[in-house]
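Here is the structure we will look at.
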Amino acid sequence: MQSYPLANIDLAALKHNFARVKQLAPDSCIMSVIKANAYGHGYVQVAKALMDTDAFAVARLSEGVLLRDAGIDHPIVLLEGVISAEELQTASEYSLSIVFHNLTQIEWLVAAQLKEPLKFSWLMVETGMHRLGLPIEHVNNALDALTQSSNILGDVGLMSHFANADVVNEARNQSQLDKLSLCAKKDTPISMANSGAILSFPDSHGDWVRPGVMLYGASPFDDQLASDLDLQPVMQLSSKLIAIQQLEAGDQVGYGGDWHASKAIRIGVVSIGYGDGYSRQLSNIGQVAINNKMATVLGRISMDMITIDLSTVDNAAIGDEVILWGGAAVAVEDVAQQANTIPYELLCQVSERVKRVYQNG
Ligand SMILES: *Cc1c(COP(=O)(O)O)cnc(C)c1O
């Protein structure tokens, strides 16, 4: 059965982008970030396409468990750590690695009797973002407590996260990096760089880089496209034209009727809406590609449908493919700007109803 809307996932593009990370950070190990369903691309298929990575990272325990249950054997780091002593036990049973970011987690660790000691553990340091992490003055004691615990095997690395990695040459990035570097002893592994820093701040690469959005072929910078960075879009989101309407001057379109025809016009109805993750912010402004031409969204985005102006597309017919983003036609970065958001959000929002189809696996 042919299903639509479709998210076509190009695994060759994913591998190209992974190779770009290696090329940009040749001396660092790679922790590929596949949280939030691999930014909407599918946890397991993405993990299986990235077997050359040194480790994976997700946000939460449930995501790590899902990957282990799917047979992924790599180190898997929980970027948010655990939220209870029970979660800590489960993490150890599933051989998941933990980012410790508060003292409570360290107390659970010290008091626990884990069946298996944790490997490849990290301590999150607060360097300027004020989201997760221990203040610098607590770092030494916390590192000692962790490394002396029999529940931990091997090194504990130091991690921090940039608040402004999307801003190139930003002084606050250097200041965050300096703070982290000051805490590190000679052999302590360091991890700081996400996509923005991998692409624009080589000094920050350290021992482990943590690419997310660039793996999926989207730019973290609001003034550059993936193509400017030699990244290839991995997802193409498409659907089908399911109806064509001939309107007369004055006719209204969609909920609220906030668009109306000023002259006779042909419009098309496409089977995709906010229930699929096509943002309602794109009402009246989204741009889609159909038959190699661009068409503008008219009226409000509905849950399952959008309406588009076909006056630029004479040959449009029911059943034609409509591209919402991805591929050469429509950059997800441009769609994100129209929707007043970032590519990350659009990609993550693609809902379960959209079938993922994998190419070049
Ligand atoms: C999500 C996340 C990343 C990846 O960030 P990108 O900007 O997508 O590359 C890296 N590190 C941490 C701690 C994260 O939460």
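Between ASP203 and ASP144, what FRET efficiency comes out of the Förster formula 1/(1 + (r/R0)^6) with R0 = 22 Å and r the beta carbon distance, rounded to 0.05?
0.20
Quick check: the angle from helix 171-183's long axis to the longest principal axis of the chain, C-alpha only, nearest 10 degrees?
So the helix axis and the longest Cα principal axis differ by about 30 degrees.
Of the residues ALA47, ALA249, ALA165, which exhibits the maximal mean-square fluctuation in a Gaussian network model of the chain defined by a 10 Å Cα contact cut-off?
Most flexible of the set in this elastic network: ALA249.
Grab the beta carbon distance between SER262 and ASN340, set R0 = 25 Å, and tell me the FRET efficiency rounded to 0.05.
Result of the calculation: an efficiency of 0.45.
Are there chymotrypsin sites (Phe, Trp or Tyr not before Pro) in segment 1-96 that DSSP marks as loop and that have at most 14 other Cβ atoms within 10 Å, and which are they?
none
Mind jotting down a quarter of the surface of the convex hull over the alpha carbons of the chain, in square nanometres, one decimal?
19.5
Calculate, in nm to one decimal, what SER62 and SER95 gain on full extension: separation in residues at 0.36 nm each, minus their alpha carbon distance.
Extending this stretch completely gives an extra 10.6 nm.
Take every DSSP beta bridge whose two residues both sit in the chain, then give the antiparallel share in percent to the nearest 5.
50
Rank ILE152, ILE308, ILE83 by mean-square fluctuation in a GNM of the chain with C-alpha springs under 10 angstrom and give only the top-ranked residue.
Per the Cα network of the chain with a 10 Å cutoff, ILE83 tops the list.
Below 14 angstrom from the Cβ of PRO117, what's the summed charge of the other residues (Lys, Arg +1; Asp, Glu -1)?
Every neighbour counted, the sum reads -1.
Which entries in the list LYS15/LYS115; LYS263/LYS293; LYS48/LYS293; LYS15/LYS119; LYS48/LYS119; LYS35/LYS355 go over 29 Å, if you measure between the two C-alpha atoms of each?
LYS15/LYS115; LYS48/LYS293
Just to confirm my numbers, what's the Cα centroid distance between segment 71-100 and segment 308-361 in Å?
Computed from Cα coordinates, the inter-centre distance equals 35 Å.
Would any residue of segment 185-218 have its amide N under 13 Å from a label point 7 Å out along Cα→Cβ of MET129? List them or say none.
The answer is 191-198, 210-213.
By how many degrees, 0 to 90 and rounded to 10, does the Cα axis of helix 11-24 deviate from the longest principal axis of the chain?
Here the helix axis deviates by roughly 50 degrees.
Assuming R0 = 45 Å, can you tell me the calculated FRET efficiency for the pair LYS185 and LYS293, based on Cβ-Cβ distance, to the nearest 0.05?
0.15
Per Stokes-Einstein, at 10 °C and 1.306 mPa s, what whole-number D in µm² s⁻¹ belongs to segment 36-86, with the Kirkwood radius over Cα pairs as the hydrodynamic radius?
Translational diffusion coefficient: 142 µm²/s.
Excluding GLN245 itself, calculate the net charge of residues whose Cβ lies under 9 Å from the Cβ of GLN245, where each Lys or Arg counts +1 and each Asp or Glu counts -1.
Surrounding charge for GLN245 is 0.
Work out, step by step, the length gained on full extension between SER351 and GLN246: first 0.36 nm times the residue separation, then minus their alpha carbon distance; give nm to one decimal.
34.7 nm
How much net charge surrounds GLY273 when only other residues with a Cβ under 9 Å from its Cβ are counted (Lys, Arg +1; Asp, Glu -1)?
Taking every other residue near GLY273 into account, the sum is -1.
Stokes-Einstein at 25 °C, 0.890 mPa s, Kirkwood radius from Cα pairs: D for segment 108-179 in µm² s⁻¹?
181
Between ASP276, ASP52, ASP144, find the one with the highest GNM mean-square fluctuation for the chain; connect C-alpha pairs within less than 10 Å.
Residue with maximal mean-square fluctuation among ASP276, ASP52, ASP144: ASP144.
Report, in degrees rounded to the nearest 10, the 0 to 90 angle that the Cα long axis of helix 136-148 makes with the longest principal axis of the chain.
Around 70 degrees separate the two axes.
Pull out a ≥ b ≥ c, the square roots of the eigenvalues of the alpha-carbon gyration tensor of segment 50-181, then state rounded if a/c is under 1.5, prolate if not and a/b is larger than b/c, and oblate in the remaining case.
The shape class here is oblate.
With the Cα gyration tensor of segment 183-334 in hand, give its eigenvalues times 5 under a square root as the equivalent ellipsoid semi-axes, listed largest first in whole angstrom.
42, 15, 12
Every number in this text was worked out from the coordinates using simple rules, so none of it is lab data. Source: prediction; values computed, not measured. With ideal geometry, Cβ positions are generated from the backbone for all residues, glycine too; neighbour counts draw on all protein chains shown.
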